[in-house]
């Protein structure tokens, strides 16, 4: 990487905790992989009702509200000015399927006059990025990355690369997924097990280290290296290869040996076969303590930013993600 | 930053399968927008669309969009002539929007007692997501590099090329397969209809009497390759991708910035990357959807960047409709082929240029022009702008 | 339809189609401007207006002619109610 990439802010809306670095540091502190206390699933709805103004809420689907609140928390945490010089890279697995179903239902129930123009833009998965860009005044690139399991990790790796290349001065990167019972039921019926099980939104703010220092920003950590790739596997299946060139390359690029890692943040989430595969792939870094955040925070595309945040707060650490189907992402985060 | 060549092309378009059929249609200025057969149009004013003709190929267990994507990606890879060993590190960046929605709709409609054209299988819902294409393609083509599905509405196909180019320029990979795919869907058709953005006749981009868009479907992929890697294996390539820029209007979820601010910024950034001045660009393949708003604002942005009348402008959507996630890549392909053949594809159905569009829109007949540099614009719903700049190979 | 009935139906459309909070809508007066950018308006933008015109067309059977300039009719709740009362087919 040519320009060093600093992490200057974190923001998240999750069942256990909502807030910026201070609040999340508490929720992410070891042992962060314990099961969360039984939490009221409606807590996130209450957070949204509190933090999204009615005028805004009227025009934002629920998953877009989730993304926006987390994005705002991250930007405030970073103390970044809303001057347009911000890119967005948002990872998601399911996007706004709830709005897609509602849009279709409008037609099925009442014909053409039941179609809602207000809902239509939400049927394209970039709606969270599109609405967040408007609310946050983000005029650089805005990308939405759809992937099973590790969309958040991929988004952060992608954003870091754009910052490192000098293409954008700062980026909000991470992921969001909402858990809609109707959507979940249909997908479970059709796909027999898919990655999203919880709902949350989490983002980190990335900027050039020099830029961050120049504006006196608090530096939480650094993205020392990041890479994505794919191990051989059938779609949504578990593969047999245990050697990850992405892992090796990322560690080499960061100049960090396995012994120097304070932790490895994994994707262990109760999907036994996938968890076992990942464990085999991570054998080269077996000496470092493994921390899995999915138990406490739920499996969603927000995990990428949560893992990176945890790594930044207590680094240097490796963040690794391996999805069914073989998609993988590795990031070395310096504390 | 390393230089990026286009070394393989693949397409499935409303003109049929293959790049050859695609270019033949474009060069002849043929309009492929016809009465729709894939979706039900009763009760709606617009009954036309640009559909890929019969014989998409592939197993009927796969979604139509997956089959379009596979045919185009495979053609591109074969065209590039890469060794099998290269596949292991090759990136796959796919622009997608509808995913397997067409089949998922058929299933859902049938469940609710509505008649549909085409089969309705629960299994189809398995591949509903935009990421399904990359998951399937990556596995079938044995691609082990970065695998990412990019969703930026109407500019997804172009954004995929921009992301892939960045991966190569930064040295993360040497080779990438990048492009987009979309099949017709009821939701897309009904949505644009509800917004009153569809013309009931084939669309007329930049025309004074234009009345809206036509929807289409297809897929196109290119192989992008680091110049040294291509040179080392003796591949000349078709053109060089010298600039790729993405900006966001951050203005409104459906309406573009009224002065085309984001569009102009994307074009200027791409030109700056390629170290090209506006005067060097001979052709702009426009986003040109034929909506009243897009064409007027895009023309204003073009004027701001190039000056009046200083560049040829045409819209491929006049022939193949708006192919959604495939648009950015099908149109990038058209731009590359224009450079290769020294022939600018026309704007079909163009009779009277709108006075607010101070450009030669290459009406109805393709124009022979030696070109050194050309750009392709894709401006997605919600203000997600992508400009790709290509240079003719020497 | 009586103007009061029209007003009540319009208000329910603002809730059901445009997702306004019912309490907010209950407080609206006839003079409340609709479009964004006008002082004291409920702040509808172009997309809201498309949604509202479809809803009015469906609920009141008032045909919306694209060639006619309908903007003045959508200026306030009052102008909209009159427009509907004039154009709706008699019961």
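The values are calculated or read from the model by the stated rules, or taken from the named source; none is laboratory data. Remember, predicted model here, so these are calculated numbers, not experimental data. Neighbour counts run over all protein chains shown; Cβ positions are idealised from the backbone, glycine included.
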What is the one condition in (1) within 12 Å of chain A (Cβ to nearest Cβ); (2) under 11 Å from the mean Cα position of the chain (by Cα); (3) not in a helix (DSSP H, G or I) that residue C:54 does not satisfy?
(3)
State whether one or more residues within the stretch A:196-206 are more than 18 Å from residue A:333 (Cα to Cα) and within 14 Å of chain B (Cβ to nearest Cβ).
yes
Yes or no: the stretch C:57-77 includes at least one residue that is in contact (Cβ under 8 Å) with a residue 24 or more places away in the chain, within 14 Å of chain A (Cβ to nearest Cβ) and either exposed (fewer than 15 other Cβ atoms within 10 Å of the Cβ) or within 10 Å of the chain's Cα centre (by Cα) (or both).
yes
Can you go through A:70, A:57, A:76, A:12 and tell me which one is within 14 Å of chain C (Cβ to nearest Cβ) and at pLDDT 95 or above?
A:57
Total residues in the stretch B:371-394, condition in contact with a strand residue (DSSP E or B) (Cβ under 8 Å, 6 or more places away or on another chain), modelled with pLDDT under 95 and surrounded by fewer than 21 Cβ atoms within 10 Å (Cβ to Cβ)
1
Scanning the stretch A:87-117 residue by residue, the ones that are in contact (Cβ under 8 Å) with a residue 24 or more places away in the chain and either within 9 Å of chain B (Cβ to nearest Cβ) or under 15 Å from the mean Cα position of the chain (by Cα) (or both) total 11
Given the structure, is residue C:87 surrounded by 14 or more Cβ atoms within 10 Å (Cβ to Cβ) and away from every other protein chain (no Cβ under 14 Å)?
yes
Residues (facing another protein chain (nearest Cβ under 8 Å) and within 17 Å of the chain's Cα centre (by Cα)) located in the stretch A:132-150:
A:133, A:142, A:143, A:144, A:145, A:146, A:147, A:148
Are any residues in the stretch A:119-138 buried (at least 24 other Cβ atoms within 10 Å of the Cβ), in contact with a strand residue (DSSP E or B) (Cβ under 7 Å, 6 or more places away or on another chain) and in contact (Cβ under 8 Å) with a residue 40 or more places away in the chain, and if so, which ones?
A:128, A:129, A:132, A:133, A:138
Assuming residue A:258 fulfils every condition listed in (1) closer than 27 Å to residue A:12 by Cα; (2) at pLDDT below 95; (3) touching a helix residue (DSSP H, G or I) at 6+ places or on another chain (Cβ under 6 Å) apart from one, which condition is it?
(1)
Determine, yes or no, whether residue A:176 is part of a helix (DSSP H, G or I) and farther than 17 Å from residue A:85 by Cα.
no
Sole miss for residue B:276 among (1) in contact with a helix residue (DSSP H, G or I) (Cβ under 8 Å, 6 or more places away or on another chain); (2) more than 30 Å from residue C:49 (Cα to Cα); (3) away from chain A (no Cβ under 14 Å) is condition (1)
Among the numbered criteria (1) within 12 Å of chain B (Cβ to nearest Cβ); (2) modelled with pLDDT under 95; (3) closer than 30 Å to residue A:311 by Cα, which one does residue A:185 miss?
(3)
Here are some conditions: (1) touching a residue at least 12 places away in the same chain (Cβ under 8 Å); (2) in contact with a helix residue (DSSP H, G or I) (Cβ under 9 Å, 6 or more places away or on another chain); (3) more than 20 Å from residue B:12 (Cβ to Cβ). Residue B:137 meets all but one. Which one does it not meet?
(3)
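If we only count helices (runs of 4 or more DSSP H) wholly inside the stretch A:48-161, which ones have 1 or more residues that are farther than 27 Å from residue C:13 by Cα?
Output list reads A:62-78, A:127-136.
Could you say which residue among B:328, B:309 is in the same structural domain as residue B:254 (by TED's automatic domain parsing) and at pLDDT below 95?
It is B:309.
Of the residues B:203, B:154, which single one is crowded, with 24+ Cβ neighbours inside 10 Å, within 13 Å of chain A (Cβ to nearest Cβ) and closer than 27 Å to residue A:104 by Cβ?
The unique qualifying residue is B:154.
For the stretch B:257-359, which fully contained helices (runs of 4 or more DSSP H) count at least 2 residues that are within 26 Å of residue B:177 (Cα to Cα)?
Working: elements: B:261-273, B:292-306, B:317-320, B:327-341.
Answer list for the stretch B:257-359: B:261-273, B:317-320, B:327-341.
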Return yes or no: is residue A:153 more than 9 Å from chain B (Cβ to nearest Cβ), within 22 Å of residue A:327 (Cβ to Cβ) and touching a residue at least 12 places away in the same chain (Cβ under 8 Å)?
yes
Just wondering, is there one or more residues in the stretch B:347-356 that are surrounded by fewer than 18 Cβ atoms within 10 Å (Cβ to Cβ) and within 30 Å of residue A:130 (Cβ to Cβ)?
yes
Quick one: how many residues across the stretch B:360-370 are assigned to a strand (DSSP E or B) and either out of contact with any strand residue (DSSP E or B) (no Cβ under 7 Å at 6 or more places or on another chain) or touching a residue at least 24 places away in the same chain (Cβ under 8 Å) (or both)?
2
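For the stretch A:228-237, state whether one or more residues are farther than 30 Å from residue A:122 by Cα, at the interface with another protein chain (Cβ under 10 Å from one of its Cβ atoms) and outside any loop (DSSP other than H, G, I, E, B).
The answer is no; no qualifying residue exists.
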Flag for residue A:62 being in contact (Cβ under 8 Å) with a residue 60 or more places away in the chain, away from every other protein chain (no Cβ under 14 Å) and under 29 Å from residue B:160 (Cα atoms):
no
Go through the stretch C:13-48 and give me each residue that's under 26 Å from residue A:110 (Cα atoms), more than 9 Å from chain A (Cβ to nearest Cβ), touching a helix residue (DSSP H, G or I) at 6+ places or on another chain (Cβ under 8 Å) and surrounded by 14 or more Cβ atoms within 10 Å (Cβ to Cβ).
C:13, C:14, C:15, C:25, C:44
